[in-house]
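Taking it in order: structure first as structure tokens, then the write-up.
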Amino acid sequence: MNQNKKQVVFDHDGGIDDLLSLMFLLCMDDVELKGVCVTPADCYPDDAVESTLKILAMFNQHDVPVVVGNIIGPNPFPGDWRAQPRMCRALPAFLRTEADYSQLQSEPAHLWLEQFLLGAEAPVTILMTGPASNLAKTVTDNPTVKGKIARVIWMGGAVEVRGNVAMHDHDGTAEWNAYWHPQATYDLLRAELPLLLVPLDATNTLPVSWSFLAELAEVKTPLAELAGQCWAATVTAIPAYEFTYFMWDVLATCVLSIDESALSIHSGYLTASVTTPDAGRTVSTAPAQGFACQWLTDVNAEQVTEYLFELLQTKKAVKLSFC
């Protein structure tokens, strides 16, 4: 264990932005990745596991355990969204890379996480870019693990802006990660961990726009080329809901290491609804009605983009090269 690096467990749900987040995470000099949990939410787990293992192999990270969650949220993501990240497996860099399935562990993610935290020699940072189900279950079942958690960064919620759930029985106030398992969202807040939410309030400043993609195309490294291919697939990823793809998970990942001058962080109290018509809604409240946490209200989009482009010029992706 490198004492000078943040010890990080990454819990994701296999979308394109989750896979990009794993790439960026592995580029960070001050991060030591200790494990990856896959939540079967906005993905099909087999696709997400294979892509995760291949990205780890690209970065020569063959000692990082990968586990899959077995908790199923009551509000499933649309099937088209869950299937869309499969295209990553067809990209040349993925096809040229072998997945090392010996890294895949058999126990459910929440049980692996409990044992890992209990045995951790130093406080652990948990980055979550999918629903909160695994961590919420872990800390509910065994609250003693909370003492081993340095920080939780979660891409979830919508505090002062409209949500992105558009379902027949929902009023549109919730964000999808929070809506997939509303009780887990509530339980995470109730645990009063050192929690920083990265809600839609902040991620709305970072659309995957044509101008961003054009700027990215000028970063001529193998890793930038791969990231550009992945992001290009999001341009038509969700046409039925008529909204833009944003850097939801990538922004949350940047929070691990970016200069905090790029971030506007608010401290307050939140609670979450667990019933329709606003299940998963995250609401700012008075202290007596909510739970203490922090959340991003805004970010410097230019500073975040510059930081991403710096990471894309790393040479850590040892298995990537142009043909």
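Every read-out reported here was derived from the displayed coordinates using simple, explicitly stated rules and does not represent laboratory data. Note that the structure is predicted; figures quoted are calculated from it, not measured. Cβ coordinates were reconstructed from backbone atoms using ideal geometry, including for glycine residues, and neighbour counts include every protein chain displayed.
Here region 183-197 is scanned for amide nitrogen atoms under 16 Å from the site 7 Å beyond the Cα of THR244 along Cα-to-Cβ, giving none. Note on ALA122 and ALA292: the model spin-label points, each 7 Å out from Cα along the C-beta direction, lie 2.6 nm apart.
Placing a pseudo-label 7 Å from each Cα along the Cα-to-Cβ vector at GLU160 and SER106 gives an inter-label distance of 5.1 nm. Given their separation in residues at 0.36 nm each and the Cα-Cα distance between them, ASN142 and THR305 gain 54.8 nm when the chain is fully extended. The relative contact order of region 6-311, computed from alpha carbon pairs under 8 Å that lie at least 6 residues apart in sequence, is 19 percent. Among VAL299, VAL235, VAL165, the residue with the largest mean-square fluctuation in a Gaussian network model of the chain, with springs joining Cα atoms closer than 10 Å, is VAL235. Label positions at THR276 and THR314, each projected 7 Å from the Cα along the C-beta direction, are separated by 4.4 nm. For region 6-311, the Cβ-based charge dipole about the Cα centre amounts to some 460 debye (Lys, Arg positive; Asp, Glu negative; other atoms uncharged). Think of it as helices only: each DSSP H run of n ≥ 4 in the chain is worth -39500 (n - 2.57), and spread over all residues that comes to -9000 deg cm²/dmol at 222 nm.
Non-local lysine pairs in the chain, meaning eight or more places apart or on different chains, with alpha-carbon distances under 21 Å, amount to 25. Compute the FRET efficiency between ASN60 and ALA150 as 1/(1 + (r/R0)^6), taking r as their Cβ-Cβ distance and R0 = 41 Å, and round to the nearest 0.05. Calculated transfer efficiency: 0.95. Farthest towards the positive end of the charge dipole of the chain, among the residues VAL152, TRP248, VAL139, is the Cα of VAL139, using unit charges on the Cβ of Lys, Arg, Asp and Glu.
Near VAL36: Cβ cut-off under 11 Å, other residues only, Lys/Arg at +1 and Asp/Glu at -1. The net charge is -1.
Once the gyration tensor of the Cα atoms in region 1-120 is diagonalised, the equivalent ellipsoid follows with semi-axes of 22, 19, 12 Å, ordered largest first.
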